[in-house]
Amino acid sequence: MAREPRRDGGRGGHGGDREASEFIDKLVHINRVAKVVKGGRRFGFAALVIVGDQKGRVGFGHGKAREVPEAIRKATEAAKRNVTRVPLREGRTLHHDVDGRHGAGRVHLRAAPAGTGIIAGGPMRAVFESLGVQDVVAKSIGSSNPYNVVRATFDALKHVDSPRSVAARRNIKVSELQSRRREGGEAEATAE
C-alpha cells in the first residue's frame, strides 16, 4: 500500500519553502475505525506516513482524523518532526548488519553489495526508499503489524554506527580501525 512519493511535501501545491520540497512522503497504512453512536456509525481514519530526503534522513508519523486527507497531513507533519539521520556506506547501504525490535515485531537488516536492490517487505521497503538506501536485505520476524514493523526498523536504524563514530568513541583513527578489521578478517580466513 505504499504511495508514490510527493515532491511538494504533501502540502497540496502550497509550498514554496525549501523544507517542504526536500522530503518525499510515502503512505504506508490507513486504518478505518468505526464508533457506533445513536444515529449510526462515525468513521475515523488513522494514517502511518514515512518521510525522507533520500540522503540519509528519515522519519515516521501517525495521524488520526475524521477524513483521510487530514489524517495523512497530520501524520506527515508528525513524521517531519521525528526525522533521524542514519549513516550510510557509500550512500547506498548500511555499514553493518543490525537487529531491531518493537513489541512483537522484530527485524533483521543486512548490508548488501552493489546491485542487490531493496529486498524487504512493504513497510520496511517504504522506509528504505525514503532513506535513500539502494542495496539492503531485510527480514521481518514476528508481528506483521505495519506500526510494529516500522518502529522495529527505526529501532534497528538507530543502532547503525559509522566507522567514524566508532573510531571517535574508541579514540583511534578511522584508518587504524579499518586496518584492524582487515587483519581480523584475514586471520579468520586463514583459520578456516
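The values are calculated or read from the model by the stated rules, or taken from the named source; none is laboratory data. What you see is a predicted model; the values in this text were computed from it and never measured. In case anyone asks, the SASA skips ligands and DNA or RNA and just uses the protein heavy atoms, side chains included. Shrake-Rupley method; radii C 1.70, N 1.55, O 1.52, S 1.80 Å.
Ratio of Rg to Rh for segment 27-79, alpha carbon only, Kirkwood? Write out the running numbers ahead of the final one.
Working: Rg = 13.4 Å, Rh = 11.7 Å.
Rg/Rh: 1.15.
Straight-line reach from Lys158: which lysines fall under 27 Å, measuring Cα to Cα and dropping same-chain residues less than 8 apart?
Partners within reach: Lys26, Lys55, Lys64, Lys74, Lys80, Lys139, Lys173.
Measure out, as a whole number of angstrom, how far apart the alpha-carbon centroids of segment 111-143 and segment 19-85 sit.
21 Å
Would you work out the Kirkwood radius for segment 60-124? I mean one over the mean of 1/r across all pairs of different Cα atoms, in Å.
Computed over segment 60-124, the radius equals 14.4 Å.
For His159, what accessible area in Å² do you get when you roll a 1.4 Å probe over the heavy atoms of the protein chains, rounding to the nearest 10?
100 Å²
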